[in-house]
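Novice: First the structure, then my questions, so here it is.
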Amino acid sequence: MMEKGIIEKALSGFYYVNTGTQIVACRARGKFRKEKISPLVGDWVEIQVLSDGSGYVESIAPRRCEFQRPAVANIDQMVIIVSEAIPVTDPFLIDRVCAVAEFKGCGVVICINKCDLCSGADLEAIYRQAGYPTVCVSAETGEGIETLRSLLRGKISAFTGNSGVGKSSILNRLHPAFAIKTSEVSEKLGRGRHTTRHVELFRLEEDTLVMDTPGFSAFDSEELDIALKKVLPETFREFRPYLDQCRFTGCSHTKEKGCAVLAAVAAGEISASRHESYLRLYEELKPLKDWEVRREK
């Protein structure tokens, strides 16, 4: 019997597909491996349900967007959970996720957790100035949770962030019935353990879906490619009003005279922190060449 549904969880080679009437544990057909395609949480799929209640993923519907880390598809927005308490989030990690999300046409929400321990006002100011919906919350006290809920309503959102910032704790505060496992942050190391080891989709409300994803301590380069390099300035949304005002065509916005972006940074109209992240990303992408990409293909 053929049915359609959405992948809610991927674990140990099984894909758990919600068809609306049941959840079917499925394997993926071998053709996906040959085509180097991996089903992702958030994928809409067609499955064959076997007589024993298990199934196989037969086809994957075209994706609106997809990410390698976290490994999710078809989300409306990435909710980046950060903290200025233990562990302190490096702004570069935030900006890297923002750039990739912007490149893929995905919305971004900045959620600053642990505001009962540290207000998060500095980060809040940076990302509000950059134009991102930003909310300070406390999974411990519940502060800001209803504001976050309003930003999630009616959307499919993926929670991401470095280990220990409280992604799972926030989800439990939003809906205690989720009962997602959490752990304490190591005071010695200043970071959390990877409590969440797989991506899982939860239904917060009838039209509101949220994904919990594994934390990370650093970002790999899977999402950084030549296509992103070509449009990097546009992925910093607060740069956009200035990009056609630079003195020279092809301005890299790194050190050129007459650069409108640099002038905006000097005037405080663009955060120095955000521009520093841009420079770091620019240097990471700089070695990528068109001819190298073509040769790899």
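The values are calculated or read from the model by the stated rules, or taken from the named source; none is laboratory data. Keep in mind the model is a prediction, meaning the values are calculated, not measured. Here the Cβ is made from the backbone with ideal geometry for all residues, glycine too, and neighbour counts use every protein chain on show. Remember, those area values only see protein heavy atoms, side chains included, never the ligands or the DNA or RNA. Shrake-Rupley method; radii C 1.70, N 1.55, O 1.52, S 1.80 Å.
Novice: Return the unpartnered cysteines for the chain, using a Cβ-Cβ cut-off of under 4.7 Å.
Specialist: Cysteines of the chain left without a disulfide-compatible partner: Cys26, Cys65, Cys98, Cys106, Cys111, Cys118, Cys259.
Novice: Run the accessible area of the stretch 1-118 with a 1.4 Å probe and give the carbon-and-sulfur part as a rounded percent.
Specialist: Carbon and sulfur: 52 percent of the exposed surface of the stretch 1-118.
Novice: Distance cut-off 31 Å, Cα to Cα: go down the list Lys104/Lys289; Lys167/Lys289; Lys155/Lys229; Lys34/Lys104; Lys31/Lys167; Lys229/Lys257 and report the pairs above it.
Specialist: In this structure, Lys167/Lys289; Lys31/Lys167 exceed 31 Å between Cα atoms.
Novice: Continuing with this model, one more query. Which residue, Phe103, Phe239, Phe248, tops the fluctuation ranking in a GNM of the chain built on C-alpha contacts under 10 Å?
Specialist: Greatest mean-square fluctuation among the candidates belongs to Phe248.
Novice: Answer with one residue from Val88, Val41, Gly120: the one whose Cα lies farthest towards the positive end of the charge dipole of the chain, charges on Cβ with Lys, Arg +1 and Asp, Glu -1.
Specialist: Of the listed residues, the answer is Val41.
Novice: Using just the Cα positions, wrap the chain in a convex hull and report its mean projected area in square nanometres, one decimal place.
Specialist: Over every viewing direction, the Cα hull of the chain projects on average to 17.4 nm².
Novice: For the chain, what is the accessible area per residue in Å², given a 1.4 Å probe and the full set of protein chains?
Specialist: Value for the chain: 50 Å² per residue.
Novice: If the viscosity is 1.567 mPa s and the temperature 4 °C, what translational diffusion coefficient in µm²/s does Stokes-Einstein give for the stretch 1-151 when Rh comes from Kirkwood over Cα pairs?
Specialist: After rounding, the answer is 74 µm²/s.
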